[in-house]
Every structure is written in C-alpha cells, then in structure tokens.
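For reference, the structure is listed below as structure tokens.
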Amino acid sequence: HHFFGGHYYRLAQGDSINFLKHATIALQLDPLSGPVNSNMMWALIWNERLDEAEVHVNKMGSFVFPNGGNRFKAIILRRRAELLSLDKKDFTESIKFFEDILSKDSDNHILLVELAKAYNGILNDNKNYLKYSEKAYQVDSSKINTIGHYFRALLEDGGFKEAKRFMELENYIKVLPQFQLSSNNWHYHYFKGDYIKSQKVLDDEIFYNSYF
C-alpha cells in the first residue's frame, strides 16, 4: 500500500484521494515506519487536511521523522500562508501570517526561517531576510537550514566580511555537509563578483562532487 499510494502520488494528473486511501492503509499496517509516515504526511498535505497533518507530525515527530518533523512543520505553515494569500489575493498576507504567529512564539526557529524566506521571496527585502535569518540562527545554530539561510542573507545584503568570518566558524564547518560548504564557497565569490575565483571553485569541485 505504501508503494501503491506513491504510484497515485506520481501520476501525471495526480490522484489525491487514492493516495490518501493507500497511505492510510499502509500506516495501519506499519505505524512506526519513517517512509510510511512521510507518505501519510504528504497525502494529508496534498488533500489540504492540514490540521490532521499538524496533529500527526506533532504526535509522531520524535519517533519517525528526522529533526522531529521540522521539515513537515515548515511545509504545513507555508501551505497555510499560501492558502491565506490566495484567498486574500495578496501574497504579503503570508508575511502578516508568520508575524502574527511569531508574536506568540518568538523563539520558533522554523517560523523565523519561513518569515525570512517570505520577506526575501515576496518583497526581495534583504534587510528583513537578514534580520530574521540571523534570529533563527541565534535560536538554533545546529540546523543546516538556519545556517544556510543566515549565510545566504549575509551575501544578499552585501555583508561579505561577516560572511567570510561566518564561514570560518567551527560550528559552520562542523554542521554543514561538504557539498554545501563547497556550494557556499562558490556563492561567496560569485556574489562578490569575483568570477575567476568562483570558476576555480567549480574547476576544483566538478571532478569529485556531483552536486556541481
């Protein structure tokens, strides 16, 4: 049922009802499987059953999902914001949505990253992208996501000295996987406009790093 449900998920037209049907059966048969629970989350989200998805990820997060299900929590929040924006016909409603929730949960690094991304993606607001990315990193510096967005925000805001110092921190080097360290090194030189050095990063990496 797990793979059969995935088949419906991958259909060109999509079949959300049958996807959810088989994901539910698979979960009943194997309730502690990570892949099965992930399939269930996607089925609930795809069917816009966001309240059920939120209950499920909060219930099972620490048992079956990496990082307590933070990825799905972010997706649910993002989808709620998208639906609100579509209803209001105004994508800045997403920013108001995240700000309102943050006023009651100011140390939630997931919310902070989503608000930072909203400012960046909707308004191209580098200052607020940096502001909230930095806050997210200060709240939880152990996550690849918070490190990545803070670094990217520094680059987009022109903070190259700060970005260079950040790249030299032990936490930065320890947490990020090698491919992301290499990618960030390329982005650092590219954003600075040093295209010779950015090309050298590509030349050095391309033979052993498939990410490039």
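Since every read-out is calculated from the coordinates, none of them should be taken as a lab result. Everything numeric in this text was worked out from a predicted model, so none of it was measured. Here Cβ is always computed from backbone atoms with ideal geometry, including for glycine, and neighbour counts include all displayed protein chains.
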- Query: Full extension from Asn171 to Glu48: what is 0.36 nm times the residue separation minus their Cα-Cα distance, to one decimal in nm?
  - Reply: 40.5 nm
- Calculated [θ] (222 nm, deg cm²/dmol) that DSSP helices of n ≥ 4 give over the chain, each run adding -39,500 (n - 2.57): -24000 deg cm²/dmol
- Radius of gyration and Dmax over the Cα atoms of the chain, both given in Å: 19.7, 56
- Item | Whether the stretch 30-74 is rounded, prolate or oblate, judged on the alpha carbon gyration tensor where a/c under 1.5 counts as rounded | oblate
- Query: Of Asn39, Asn18, Asn70, which is the most mobile in a GNM of the chain whose springs link Cα atoms less than 10 angstrom apart?
  - Reply: Asn18
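Under 15 Å from the Cβ of Asp194, count the other residues' Cβ atoms, weight Lys and Arg +1, Asp and Glu -1, and hand me the total. Could you put the intermediate results ahead of the total?
Values: positive: Lys161, Lys164, Lys192, Lys197, Lys200; negative: Asp203, Asp204.
Here the count lands on +3.
Sort the stretch 124-191 into rounded, prolate or oblate with this rule: let a ≥ b ≥ c be the square roots of the eigenvalues of the Cα gyration tensor; rounded if a/c is under 1.5, and if a/c is not under 1.5, prolate when a/b is larger than b/c, oblate otherwise.
Working: a/c = 1.77, a/b = 1.13, b/c = 1.57.
Cα axes put the stretch 124-191 in the oblate bin.
Evaluate the charge dipole of the chain about its Cα centre and quote only its size in Debye, nearest 20, assuming +1 on the Cβ of each Lys and Arg and -1 on the Cβ of each Asp and Glu. Walk me through the numbers on the way to the answer.
Working: 26 positive and 27 negative charges, 23 e Å.
In debye, rounded to 20, the chain gives about 120.
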- Item | Percent RCO, i.e. relative contact order, over the stretch 41-175, from Cα pairs under 8 Å lying at least 6 residues apart | 14 percent
- Task: Putting +1 on Lys and Arg Cβ atoms and -1 on Asp and Glu Cβ atoms, find which of Ala136, Gly34, Tyr172 reaches farthest to the positive end of the dipole of the chain.
- Result: Tyr172
- Would you please classify the overall shape of the stretch 41-148 from the alpha carbon gyration tensor, given that a ≥ b ≥ c denote the square roots of the eigenvalues, rounded means a/c under 1.5, and beyond that prolate means a/b larger than b/c while oblate covers the rest? oblate
- Query: In this model, which of Lys89/Lys117; Lys59/Lys174; Lys104/Lys131; Lys127/Lys192 are farther than 21 Å apart at the alpha-carbon?
  - Reply: Lys59/Lys174
- Message: Assuming 0.36 nm per residue, please report the length gained on full extension of the stretch Phe91 to Thr24 beyond their Cα-Cα distance.
- Response: 20.8 nm
- Loop-only check: which GluC sites (Glu not before Pro) in the stretch 19-67 are DSSP coil with at most 16 other Cβ within 10 angstrom? Glu48
